[in-house]
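Enquirer: I'd like to ask some things about the structure below.
Just so it is clear, none of the values below were taken in a lab; they were calculated from the coordinates. The structure displayed is predicted, hence computed values, not measured ones. Here Cβ is always computed from backbone atoms with ideal geometry, including for glycine, and neighbour counts include all displayed protein chains.
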Amino acid sequence: MTGLLTRRRFLVGGTLGTGALALGGCDALEQNENVGAVLRTAEKLTMGAQRFLLGQETLAREFSAADISPTFRVNGTQSPDSEKYAALHENGFADWRLKVDGLVSRQMEFSLADLRKLPSRTQITRHDCVEGWSAIGQWTGTPLGLILRAAEMKPEARFAVFHCADELEKTLDGSGVYYESIDLIDAFHPQTILAYAMNGEDLTVGHGAPLRLRVERQLGYKHAKYVMRIEIVDSFSRLWGGKGGFWEDRGYQWYAGI
């Protein structure tokens with residue numbers, strides 16, 4: 001376990017360094033294709049190394065209830081700034097629906113009550129934020145794989161894209177709305193869940209109510225909050241910056257494995 005923890009700290013540090021570089025000099029990176037090529041190569045090596053060393057089904061470490069952090073900071077958006085979200089929240093999310101579409105044979109919609117009726121998974125895991133903090137929390141939700149199997153993905157499907165309710169930048173083309181994506185290996189990982197509860201209670205707004213993604217072998221910015229829609233795609237080419245996520249479009253690595 002010591003070796004894995006050391007590697008975990010190394011990968012977190014490496015991603016932090018890349019993220020800081022991107023935020024400090026996005027324009028410079030965009031203008032230097034050689035630097036971009038090096039970063040993309042390093043990302044592929046990180047993903048390949050993790051999946052080779054740990055295996056596709058290996059679980060992230062799970063903890064006991066005694067390990068749950070007394071305080072779990074809110075990462076990212078505190079509350080989506082939109083009238084639509086405010087109305088859903090006011091009604092206790094009774095009118096909220098999760099839409100599943102894209103490269104599927106069966107487009108689907110799920111209410112929060114629908115999801116709660118499905119088999120669930122509860123896990124106590126550590127959340128590692130790219131800002132440099134960590135916390136342990138208990139998450140309960142629906143395994144993402146159950147949803148994707150029910151929707152019957154088409155053969156060309158490669159990625160699950162999570163469209164969210166929070167808009168981090170006001171733009172005309174929608175590129176400022178938060179979104180994230182994972183490939184199907186991570187989508188079907190046993191610990192990848194659509195969480196509706198944290199520490200035995202319904203998710204708070206700050207932590208992503210009514211539904212957030214938990215993909216436990218990646219850094220915190222991959223754990224999309226306020227999920228409204230899951231779109232199955234074969235590439236990112238039609239998604240805004242084409243990099244597979246809000247922060248990825250702004251210089252972060254797409255694969256944030258730890």
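Enquirer: Which values, in whole Å and largest first, are the semi-axes of the equivalent ellipsoid of the stretch 70-143 obtained as the square root of 5 times each eigenvalue of the Cα gyration tensor?
Expert: Largest first, the stretch 70-143 gives 26, 19, 14 Å.
Enquirer: Now for a different question. Check which residues have an amide H placed less than 5 Å from Gln218's amide H, if you skip close sequence neighbours.
Expert: Close amide H contacts, sequence-distant or interchain: Ile258.
Enquirer: By a straight-distance test (C-alpha under 20 Å), which aspartates and glutamates pair with Lys117 as possible cross-link partners, with residues fewer than eight away in the same chain excluded?
Expert: Asp95, Glu109, Glu152, Glu201, Asp202
Enquirer: Please compute the net charge surrounding Gln78, taking Lys and Arg as +1 and Asp and Glu as -1 over other residues with Cβ under 15 Å from its Cβ.
Expert: Overall, the nearby charge balance is -1.
Enquirer: Now a separate question. What is the spread of the Cα atoms of the stretch 153-199 along each of their three principal axes, largest first, in whole Å?
Expert: Principal extents (Cα only, largest first): 37, 36, 13 Å.
Enquirer: Okay, moving on. Please give the FRET efficiency for Ser79 paired with Glu57, using the beta carbon to beta carbon distance and R0 = 45 Å, rounded to the nearest 0.05.
Expert: So, using R0 = 45 Å, E works out to roughly 0.80.
Enquirer: Okay, next question. Among rounded, prolate and oblate, which fits the stretch 174-232 when a ≥ b ≥ c are the square roots of the eigenvalues of its C-alpha gyration tensor, a/c under 1.5 means rounded, and a/b larger than b/c means prolate?
Expert: oblate
Enquirer: Post the alpha-carbon centroid distance, the stretch 104-160 to the stretch 222-254, in whole angstrom.
Expert: Result: 16 Å between the Cα centres.
Enquirer: For the stretch 107-209, what class follows from the C-alpha gyration tensor (a ≥ b ≥ c being the square roots of its eigenvalues): rounded when a/c is under 1.5, otherwise prolate if a/b is larger than b/c, else oblate?
Expert: rounded
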